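The values are calculated or read from the model by the stated rules, or taken from the named source; none is laboratory data. The shown structure was predicted, so the numbers you read here are calculated from the model rather than taken from an experiment. Cβ sites come from the backbone with ideal geometry, for glycine too, and all protein chains shown count toward neighbours. These area figures cover heavy atoms from the full protein model, side chains too; ligands, DNA and RNA do not enter into them. Shrake-Rupley method; radii C 1.70, N 1.55, O 1.52, S 1.80 Å.
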Amino acid sequence: MARNRTRQNGNAAGWLLIIILIALIIGGYLWRQNGGSSPLPGDGAPPADETPADDGALDDDAPPTDDETPDDEPADEPEELTDIDGKVFSYLPVGDLLPSSGPGFVDETVYRENILFPTEDPVFLNSQVYRFGGGMGSVNGMEGSQCDARNYDYPWQDTFCEHRDRNQPLCPGGGHEGLDIRPHTCAKNVHWAVAVEDGRVIDIRRHWVTIQTPDGTIYNYLHLNMGELSVSEGQQVLRGDRIGKISNDFFKSDGTPVATTTHLHFEMYENYVESPGAEPLFTKVNPYMTLVAAYDRMLRGE
Ligand SMILES: [Zn+2]
């Protein structure tokens, strides 16, 4: 009995050795298949060239993907657009006004997809009233001169529905019916405003010029140097034609001058639709996102 048990133990040891050898052979094969390294957490991530491209150039929320991008491929990081002075263009969200300056009005609509920006040079959209040099600058601790360099910098800020004593159906209690655009520099009667589309000059009076496109959109340009306009009433204009130089002309109906800063006040009449299916209201809409898109094209040289 003792001899039999010994032989059985010997057989079992032999089988175990064979199983171990087979396991080693399979293990070695798999190790080579895996490039000679053991699997680590994270190796399941796709290679960099399969990472979805970030084509939203202005999407600041996009996660940085720089470290996954091969050097010889275009960067996936959000693109920075710079103006002719090397300043990086940025803008605050639509409807985000300076504190205590008004309710604002959020409208993300780009009303016209291919208009030209209404100035020839880089500009700064921000409040003429609630910033340096404005009558209400002290509200936010911004006392000083309208030529303060901080007025001539990014980010842009929306001023549609800023507090004004004006009826405007989209502004609760009335408000600023357009956007204020500070010219490239504080210099008056230097920087040109231009036609954003082909159209006709349908009205010139006091301190504004009105241009209408063949399909009905209306643009108002205010506070140009009215004594030296480049257009006359009834004239056809082409996209890019000079209209006048940005100034501070501002007159009451009786001709009395009103003090204001050097800026272009820009208005746009379009069909505003409050909700899908609602009756359109042809009124002064917020052109903020329309101008952001046009400026983006301008900085890209398009
Ligand atoms: Zn204005």
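Worth pointing out:
- Interchain or long-range residues, amide H under 5 Å from Asp203's placed H: Thr210, Gly234
- Heavy-atom accessible area per residue - the range 126-168, 1.4 Å, Å²: 47 Å²
- For the range 124-299, the normalised intensity computed at q = 0.08, 0.14 Å⁻¹ comes to -0.25, -0.79 (log10 of I(q)/I(0), Debye sum over alpha carbons, equal scatterers, no solvent).
- Among 97-106, 242-251, the order from most to least packed when residues are scored by Cβ within 10 Å on average: 242-251, 97-106
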